[in-house]
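Enquirer: First the structure, which I've put down as structure tokens, then a few questions once you've had a look.
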Amino acid sequence: MIASTRANLVTLITAPTVWALHFLVCYVTASAYCAKTMADARVFTGTSWPDITVARAVIAAATVLALGIIALCLRQAWGHWRSGDVDPPFDEPSFEGRQGFLGFSTILLCGLSIIGVIFVALPAIFIGDCR
Amino acid sequence: MSVAVYATRSSSGGLDERLAKRFILWGGVAFPTVVLTALLIYGLRLMPVLRASGEGLTIAVAGEQFWWRVTYQPKDGPPVRSANEVRVPVGERVAFALTSPDVIHSFWNPSLGGKVDMIPGRENRLVLKAEKAGVYRGVCAEFCGASHALMAFPVIAMEKPDFDAWLSGQSRPAAEAAETAQGKTLFLQNGCGACHAVAGTEARGEVGPDLTRFGERATIGAGTLPNEPEQIARFIRETDTVKPRVKMPAYPALPREDLLAIAGYLGSLK
């Protein structure tokens, strides 16, 4: 993210870091929100479960933000990967070799992080209360 | 595995590079992602159903050493006390409030649902739904003492109209027959009522199982013996042999005729 023309380790770990932070935000939000709203809720009150729209909105916003940052990261990494004329396995001690290696690794990590972020956010779509 | 065999046995010069890349992309990335996403969505859609609330009837069950205290709490109507047997309507989600006053027990009826621990100081929740009428055997699934293995409970699933009729009938005391009057007198004289309750009589004890509809139950001592006069008499005479470490004292001094009279009275409580 910091280097726009040269790939480095920071760009490499940006996507997994965003994924980890998104995971933390989602779980802390859901658990804190449910702990607060469920404090007075009785188990057997039947249908009157606390509304968790606020928690779901926070998770949705965090997901959009995370996917946005990862998308930027992916765009940049794509540029790094495509900039040189080097083919895998990128093991030459040259600038192009490093660009290619870091760019391609970042692309793979971005893909993994996108799937991770979506999987973390999916329960908020299907589970509408704190049970 | 077939692909691995093909790859190692194949004598051709290897795969075309573009084909190999495509194989990795589709077989290694796209396919697992799609399959995992589909499985995750399928699982997540099932989760709210598993945690659905009950539909009105709540049954409080307390696991005690070594029996089950059962209290039906209908949405409208007074609570109904029973023991060692749970009746539920077919096709209705019934909520269970599971507690324990002594040690940790576990409420487990494998045919109907998973086991849930009964932990002193906590109220755990379980919702069960019987799809078919019948008797489903349940057990205590957490070692709780010497008679842990002698602590079963049948769940009897009844059609909804039958269940409603049964439950509303429970608020009335059991019918009493003239021929069991002596058994009733002996039951009260020997102090059984200090621990056991029989609705409509002076027996109001709450230490042991409620015996109001004792005659309706298929077993005695929480699934330990069949509900027959001889077995009831045996249970009273040698309680600690039949069910080790149970709170009820044995009554070896009671004459056999008295034991059978009490057994006759208890068996008639329907």
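Enquirer: Taking Cα centroids, how far is segment B:22-56 from segment A:64-131 in Å?
Expert: 23
Enquirer: If you don't mind, another one. List, in order, the whole-Hz ³J(HN,Hα) value for each residue of segment A:120-131 obtained from phi through the Karplus relation with A = 6.51, B = -1.76, C = 1.60 and θ = phi - 60°; use x for Gly and Pro.
Expert: In residue order, the calculated couplings are 5, 7, 4, x, 5, 7, 8, 10, x, 8, 8, 5 Hz.
Enquirer: If you look at just the Cα atoms of chain A, how large are its Rg and its Dmax in Å?
Expert: Values for chain A (Cα only, Rg and Dmax): 20.0, 67 Å.
Enquirer: Per q in 0.09 Å⁻¹, report the Debye log10 I(q)/I(0) for segment B:58-169, using one uniform scatterer on each alpha carbon and no solvent.
Expert: Scattering profile of segment B:58-169, log10 relative to I(0): -0.21.
Enquirer: Another one. Please compute the average number of Cβ atoms from other chains found within 10 Å of each residue's Cβ in peptide A:122-129.
Expert: Rounded to a whole number, the mean comes out at 4.
Enquirer: Moving to a separate point now. Based on C-alpha coordinates, I'd like the Rg and Dmax of segment B:2-105, in Å.
Expert: Gyration radius and largest Cα-Cα distance of segment B:2-105: 28.0, 83 Å.
Enquirer: Report, in deg cm²/dmol and to the nearest 500, the calculated mean residue ellipticity at 222 nm for chain B, where each DSSP H run with n ≥ 4 adds -39500 (n - 2.57) and the sum is divided by the residue count.
Expert: The helix contribution divided over chain B gives -8500 deg cm²/dmol.
Enquirer: OK, next. Mean separation of Cα pairs under 8 Å and 6+ residues apart, divided by the residue count of segment B:1-151: what relative contact order is that in percent?
Expert: Value for segment B:1-151: 19 percent.
Enquirer: Would you list B:1, B:47, A:38, B:248 from fewest to most Cβ contacts within 10 Å?
Expert: B:1, B:47, A:38, B:248
Enquirer: Between B:38, B:181, B:130, find the one with the highest GNM mean-square fluctuation for chain B; connect C-alpha pairs within less than 10 Å.
Expert: B:38
Enquirer: Once R0 is set to 45 Å, what does the formula 1/(1 + (r/R0)^6) return for the Cβ-Cβ distance between residue B:7 and residue A:78, expressed as a FRET efficiency to the nearest 0.05?
Expert: E(calc), rounded to 0.05, equals 0.90.
Enquirer: Let me check against my output: what whole-number percent is the relative contact order of chain A, with C-alpha pairs under 8 Å and at least 6 apart?
Expert: Contact order relative to length: 38 percent.
Enquirer: Could you put B:105, B:196, B:148 in order, starting from the residue whose Cβ has the fewest other Cβ atoms within 10 Å?
Expert: The fewest-first ordering by Cβ neighbours comes to B:148, B:196, B:105.
Enquirer: How large is ³J(HN,Hα), in whole Hz, for each residue of segment A:61-70 in order, when computed from phi with the Karplus curve 6.51 cos²θ - 1.76 cosθ + 1.60 and θ = phi - 60°, using x for Gly and Pro?
Expert: Per residue, the Karplus-derived 3J(HN,Hα) values read 5, 4, 5, 4, 4, 4, 5, x, 5, 5 Hz.
Enquirer: Separate question: May I ask for the net charge around residue B:170, where only other residues with Cβ less than 10 Å from the Cβ of residue B:170 are counted and Lys, Arg are +1 while Asp, Glu are -1?
Expert: +3
Enquirer: Please compute the length gained on full extension between residue B:165 and residue B:30, using 0.36 nm multiplied by the number of residues separating them and subtracting their Cα-Cα distance.
Expert: 42.8 nm
Enquirer: Which whole-Hz ³J(HN,Hα) couplings does segment A:13-18 yield from phi under the Karplus relation 6.51 cos²θ - 1.76 cosθ + 1.60, θ = phi - 60°, glycine and proline marked x?
Expert: 8, 4, 4, x, 5, 4
Enquirer: Which far-off residues, 5 or more places away or on another chain, put their amide H under 5 Å from the one on residue B:238, with H placed in the peptide plane?
Expert: Long-range HN contacts for residue B:238: B:251.
Enquirer: Further question on the same structure: Shape verdict for segment B:2-50, please, from the Cα gyration tensor: rounded (a/c under 1.5), prolate (a/b greater than b/c) or oblate.
Expert: Since a/c reaches 1.5 but b/c is at least a/b, the shape of segment B:2-50 is classed as oblate.
Enquirer: Under 8 Å for C-alpha pairs, at least 6 residues apart: give me the relative contact order for chain B, rounded to a whole percent.
Expert: Here the relative contact order equals 15 percent.
Enquirer: Give the order of B:265, B:136 when sorted by the count of other beta carbons within 10 angstrom, beginning with the fewest.
Expert: Fewest-to-most Cβ neighbours within 10 Å comes out as B:136, B:265.
Enquirer: So what does log10 I(q)/I(0) come out to for segment B:178-267 at q = 0.13, 0.14, 0.15, 0.18 Å⁻¹, using the Debye formula with one equal point on every Cα and no solvent?
Expert: -0.36, -0.43, -0.49, -0.74
Enquirer: Along the principal axes of its C-alpha atoms, what lengths does the protein assembly as shown span, in descending order and rounded to whole Å?
Expert: 104, 55, 37
Just so you know, all these numbers are worked out from the coordinates, no wet-lab data involved. In this text, all values refer to a predicted model and were calculated from it rather than measured experimentally. Glycine also receives a Cβ, built like all others from the backbone with ideal geometry; neighbour counts cover every protein chain displayed.
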